[in-house]
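To start, the structure under review is shown below, and the notes come after it.
Please treat every number below as a calculation from the coordinates, not as lab data. Keep in mind that this is a model prediction, so the values were computed, not measured. Positions of Cβ are generated from backbone atoms using ideal geometry, with glycine treated the same way; all protein chains shown enter the neighbour counts.
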Amino acid sequence: MNTSIEQLRLTAKSIRIWVVKSLAAAGSGHLGGSLGMADVLTMLYFKVLRHDPKNPFWSCRDRFILSIGHVAPVLYSTLAHAGYFPLEELLTLRKLGSRLQGHPGKEYGLPGLELSAGSLGQGLSVSVGLSLGFKLDKLDNKVYCLLGDGELQEGSVWEAAMAAGHYHLDHLVAIVDRNGVQIDGPTEKVMRLEPLRQKWEAFGWEVTECDGNNLEELSLAFEKIGQESSKPKVLIARTIMGKGVSAIEGDYHWHGKAPSQAQTEEFINEILSK
Ligand SMILES: Cc1ncc(C[n+]2csc(CCOP(=O)(O)OP(=O)(O)O)c2C)c(N)n1
């Protein structure tokens, strides 16, 4: 896909605005991580992934596995922007009968959604299984799995990482939202993760790091990741929780909070002004 950085920036901006709008309509949800991930998801869905919103079950599609189900609002907003369903549906977030539940559920039939999520520590195992299956069938589909840094404290993540290294799952890409915070504080206080690069390397992964809120850096990082090598790849994307809204940036109290009516207007105006 030939999309300029400027176009991607506009898309990310609109994705953020609809995240805020949908959370405001729901009156609850996870704003911080959703805003922080807007640039990564924009890059994936508008430049990196092989997919077709008109044919969500296309067998040749790459898979995007959202392991941190709580940032569903940014996935929903991205899928809607990509054309999987109308933008207006975003305003049904968390409502009874909606296809857009607080944590994504396959049973609601949302086009583009690959996996139910919410219980942390599951997505990388699923991604390893998918990737191993593609490899055994000699297919070139890639699998991208988005993990939270707090989520890395789940032991199952490291079992999956070990298996990916063992089976040389070269078409598997894990992305870690390295925002340094989790639901109840800084990750390094709750359960130290550093040295994170060396941990992944020890499990047989090729590690790339970048500013996950910088589209130029993300573009270069995914180009590097796209180059052939026999290892699974991990992108440690350094991001800021709440990116785009200065009043909440970096504040873990916004992990799972929705804006009030007054804040909604203020937040949208700030995102629009940048
Ligand atoms: C197995 C499991 N344990 C606990 C939770 C509750 N929980 C939801 S999000 C979260 C914090 C995750 O931190 P991180 O992955 O860093 O996400 P961020 O706060 O950056 O959005 C926790 C503990 C959960 N969803 N699943």
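Once the Cβ-Cβ distance of residue 6 and residue 162 is raised to the sixth power relative to R0 = 51 Å, the FRET efficiency obtained is 0.80. Counting only DSSP H runs of at least 4 residues, each contributing -39500 (n - 2.57), and dividing by the residue count of the chain, the helix-based mean residue ellipticity at 222 nm comes to -11500 deg cm²/dmol.
Run through the stretch 168-246 and list the GluC sites (Glu not before Pro) located in a DSSP loop whose Cβ has at most 13 other Cβ atoms within 10 Å.
228
The alpha carbon radius of gyration of the chain, expressed as a multiple of 2.2 N^0.38 Å, is 0.93.
Can you classify the stretch 54-200 as rounded, prolate or oblate using the Cα gyration tensor, where a ≥ b ≥ c are the square roots of its eigenvalues, rounded means a/c under 1.5, and otherwise it's prolate if a/b beats b/c and oblate if not? Because a/c hits 1.5 or more and a/b fails to exceed b/c, the stretch 54-200 counts as oblate. Springs between Cα atoms under 10 Å define the GNM used for the chain, and in it the highest mean-square fluctuation of 139, 93, 49 occurs at 139. Return one number: the angle in degrees, 0 to 90 and rounded to the nearest 10, between the long axis of the Cα atoms of helix 215-226 and the longest principal axis of the Cα atoms of the chain. Its long axis makes an angle of about 20 degrees.
By the gyration tensor of its Cα atoms, with a ≥ b ≥ c the square roots of the eigenvalues, what is the shape of the stretch 182-224: rounded for a/c under 1.5, prolate for a/b over b/c, or oblate? Here the stretch 182-224 falls in the oblate category. Annotation: lysines with alpha-carbon distance below 26 angstrom to residue 189 (same-chain offsets under eight excluded): 199, 243, 257. Springs between Cα atoms under 10 Å define the GNM used for the chain, and in it the highest mean-square fluctuation of 258, 247, 117 occurs at 247. Full extension of the chain segment joining residue 136 with residue 199 gains 20.0 nm, where the gain is 0.36 nm per residue of separation less the Cα-Cα distance. Across the chain, the relative contact order, built from alpha-carbon pairs under 8 Å that are at least six residues apart, equals 24 percent.
With a simple spin-label model that places each label point 7 Å from the Cα along the Cα-to-Cβ direction, the separation between residue 107 and residue 261 comes to 3.5 nm. DSSP beta bridges fully contained in the chain are about 10 percent antiparallel. Against the main long axis of the alpha-carbon atoms of the chain, helix 155-166 sits at an angle near 40°.
List, in the order given, every pair from 54/274; 233/274; 47/106; 13/138; 13/47 whose Cα-Cα distance in the structure shown is over 27 Å. From 54/274; 233/274; 47/106; 13/138; 13/47, over 27 Å: 54/274; 233/274; 13/138. Axis of helix 72-82 versus longest Cα principal axis of the chain: the two differ by about 90°, to the nearest ten degrees. Within the straight-line cut-off of under 13 Å between alpha carbons, the aspartates and glutamates reachable from residue 142 are 62, 170, 228, sequence neighbours fewer than 8 places apart in one chain being disregarded. Among the trypsin sites (Lys or Arg not before Pro) in the stretch 73-111, those placed in a DSSP loop whose Cβ has at most 14 other Cβ atoms within 10 Å are 95.
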